[in-house]
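Derivation of every value follows stated rules applied to the coordinates shown; laboratory data play no part. Note that the coordinates shown come from a computational prediction; the quantities given were computed from them, not determined experimentally. For neighbour counting, all protein chains shown are included, and Cβ atoms are generated from backbone atoms with ideal geometry for every residue, glycine included.
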Amino acid sequence: MLVLASSSPRRRELLTQAGFQFQVQSQSISEDVLPNEDPLAYTTRLAREKAQAVFETRATEPGLIVLGADTTVVVEGEILGKPTDAADAARMLRLLSGRTHQVITGVALVSRSGVTSAVETTEVTMLPISEEEIATYIATGEPMDKAGAYGIQGYAARWIPRISGCYFNVVGLPIALVSTLLAKSKAGS
């Protein structure tokens, strides 16, 4: 049984579209960045902690595999999580405007046989965004629950002329990577 350790509607949609059968259960964990923690370590740690927290509540279930994921946006070394409010969203969008940044997703599978984790990185180029466009976008509410304060699959698509890497990673879950890890996990069990 596959369990997605996330309340993200985008992750649920992506797994469903890719034909996976799964349940959803999430546990609350701290998403604070540790001192001197780099973005790859940060996203991998959070993905693992999310999956382990859910696994511990269901560990007696046979064949249980828990999938955890965490996505962050990184620009000039700064980790951009979800905005705390409209002003924070505007700050993030100004940082991203006219630049290329990275979207990093850590993925972890936890089962009785242990923990497997990996990271996917996608480069995203964003056009310059005016203050008026930023205000209009924030007013939609769309940026408020997304790392980096934007969703590539929504309104913000108009500012993204190119990416290098996995599109689904930018949405929130690198499906090909997840599929590969699950296939390896099942082959090893």
* **C-alpha long axis of helix 86-96 to longest principal axis of the chain, angle in °** => 90 degrees
* Structure fact -> Rounded to the nearest whole number, the per residue volume of the convex hull around the C-alpha atoms of segment 19-79 in Å³ is 104 Å³
* Structure fact -> Counting Lys and Arg as +1 and Asp and Glu as -1 over every other residue whose Cβ sits under 14 Å from the Cβ of P62, the net charge comes to +2
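Length gain on complete extension for the stretch S164 to Q23, per 0.36 nm per residue less the alpha carbon to alpha carbon distance?
Working: separation 141, 0.36 × 141 = 50.76 nm, distance 3.11 nm.
The S164-Q23 span can extend by a further 47.6 nm.
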* **Estimated inter-spin distance, A157 and D38, nm [label 7 Å along Cα→Cβ]** => 3.4 nm
* Structure fact -> As straight-line cross-link partners of K184, the qualifying lysines (C-alpha separation under 21 Å, not fewer than 8 residues apart within one chain) are K50
* **the chain - Rg and Dmax from Cα coordinates, angstrom** => 16.7, 54
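In whole percent, what relative contact order does the chain give with Cα contacts below 8 Å and a gap of six or more residues?
Details: 374 pairs, mean separation 40.7, N = 189.
22 percent.
So how much slack lies between R94 and R58, counting 0.36 nm per residue of separation and subtracting their Cα-Cα distance, in nm? Mind dumping the intermediate values first?
On the way: separation 36, 0.36 × 36 = 12.96 nm, distance 4.26 nm.
Here the segment from R94 to R58 would lengthen by 8.7 nm.
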* Angle between the Cα long axis of helix 39-58 and the longest principal axis of the chain, 0 to 90 degrees, nearest 10? -> 40 degrees
